[in-house]
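K.L.:
I have a structure I would like to understand better, so I am pasting it below and will then ask my questions one at a time.
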């Protein structure tokens, strides 16, 4: 059994610092790339499922036929009591799998902008290293409803629903705290056509200057993984 299964949707949106954390722990893991035709594992083959971002929409099943099967797979992972973490597209896929809506946000949000904590109603400790406001990285044009029964955890000026906790084992984040310098450079290189003038869109230079925030966001990502790990080892 692999402790952790990771779903990656495009070559350049890698697990980033999540993979660094896993390697430090020496946990067995596997990265699955459905865009290359790789099959999803059996639910019994892992304890954690981490779902990365990607430029496609959850609605793009005509172009990416594997998305339909992935949504069912995520639903089964959640109902089986696995730890499930989704980032950006990954969070949106969790939302759809839980029966809630993903839709176009009023504004595209690309760049380093703050998210604000909403008072934690779950008292789970997962987000206890986040300050009231944290500057994090965003790259999205869609947003989601908070799933029924989930706790709304983060908001930003451009996008009201930035994160949620469902039960004790499911976390969805619209923003990116898995970021590393190579991951950021890959996203800029492959998404430069999206960097059009907008209130919440920074240019490539601003995105790279903002990389000074990566050291802090890595600590935040590690704190989430550490807390999930601590809770599962109880």
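K.L.:
Compute the length gained on full extension between residue 135 and residue 31: take 0.36 nm times their separation in residues and subtract their Cα-Cα distance, giving the result in nm to one decimal.
P.N.:
Numbers: separation 104, 0.36 × 104 = 37.44 nm, distance 2.81 nm.
Here the segment from residue 135 to residue 31 would lengthen by 34.6 nm.
K.L.:
Pop the C-beta distance of residue 209 and residue 23 into the FRET formula with R0 = 25 Å and round what comes out to the nearest 0.05. Don't skip to the answer; put the middle values down first.
P.N.:
Values: r = 29 Å, r/R0 = 1.15.
The calculated FRET efficiency here is 0.30.
K.L.:
In angstroms, what radius of gyration and Dmax does the chain have, counting Cα atoms only?
P.N.:
Calculated on Cα positions, Rg and Dmax stand at 16.3, 49 Å.
K.L.:
Could you tell me what a quarter of the Cα convex hull surface of the range 155-199 works out to, in nm² with one decimal place?
P.N.:
On the way: hull surface 18.0 nm².
Projected over every direction and averaged, the Cα hull of the range 155-199 covers 4.5 nm².
K.L.:
Would you kindly state how much longer the chain becomes between residue 194 and residue 2 on full extension, computed as 0.36 nm times their sequence separation minus their alpha carbon distance, in nm to one decimal? Numbers along the way, then the final one.
P.N.:
On the way: separation 192, 0.36 × 192 = 69.12 nm, distance 3.63 nm.
Working it through step by step, the gained length comes to 65.5 nm.
K.L.:
Rounded, prolate or oblate for the range 88-134? Axes are the square roots of the Cα gyration tensor eigenvalues, ordered a ≥ b ≥ c, and the cut-off for rounded is a/c under 1.5. Could the numbers behind the result be given before it?
P.N.:
Values: a/c = 2.42, a/b = 1.24, b/c = 1.96.
Cα axes put the range 88-134 in the oblate bin.
K.L.:
For residue 181 and residue 65 in the same chain, what is the full-extension length gain: residue separation times 0.36 nm, less their Cα-Cα distance, in nm? Write out the running numbers ahead of the final one.
P.N.:
Numbers: separation 116, 0.36 × 116 = 41.76 nm, distance 3.09 nm.
The span from residue 181 to residue 65 would gain 38.7 nm if fully extended.
K.L.:
Considering Cα pairs under 8 angstrom that are at least six residues apart, work out the relative contact order of the range 110-149 and quote it in whole percent.
P.N.:
Numbers: 31 pairs, mean separation 21.6, N = 40.
After rounding, I find 54 percent.
K.L.:
Given a Förster distance of 35 Å, report the FRET efficiency between residue 232 and residue 72 from their Cβ-Cβ distance, rounded to the nearest 0.05.
P.N.:
Details: r = 24 Å, r/R0 = 0.69.
After rounding, the FRET efficiency stands at 0.90.
K.L.:
Next question. Determine, for each peptide in 89-95, 14-20, the mean count of other beta carbons within 10 angstrom over its residues, then list the peptides with the highest first. All intermediate terms of the calculation are to be shown ahead of the outcome.
P.N.:
On the way: 89-95: 27.7, 14-20: 20.3.
Taking the mean over residues of other Cβ atoms within 10 Å, the ranking is 89-95, 14-20.
K.L.:
Label points 7 Å out from Cα along the Cβ direction at residue 38 and residue 106: separation in nm?
P.N.:
4.0
K.L.:
Assuming a ≥ b ≥ c are the square roots of the Cα gyration tensor eigenvalues, decide whether the range 140-234 counts as rounded (a/c under 1.5), prolate (otherwise, with a/b larger than b/c) or oblate. All intermediate terms of the calculation are to be shown ahead of the outcome.
P.N.:
Values: a/c = 2.72, a/b = 1.46, b/c = 1.87.
It comes out oblate by the Cα gyration axes.
K.L.:
Also: What nm distance separates the two modelled labels at residue 56 and residue 168, each placed 7 Å from Cα along Cα→Cβ?
P.N.:
Taking the simple label geometry, residue 56 and residue 168 are separated by 3.5 nm.
The numbers here are math on the coordinates, done by the rules we state, and not lab data. Given the structure is predicted, the values throughout are model-derived calculations rather than measurements. Neighbour counts are summed over all protein chains in view; Cβ atoms, including those assigned to glycine, are modelled from backbone coordinates with ideal geometry.
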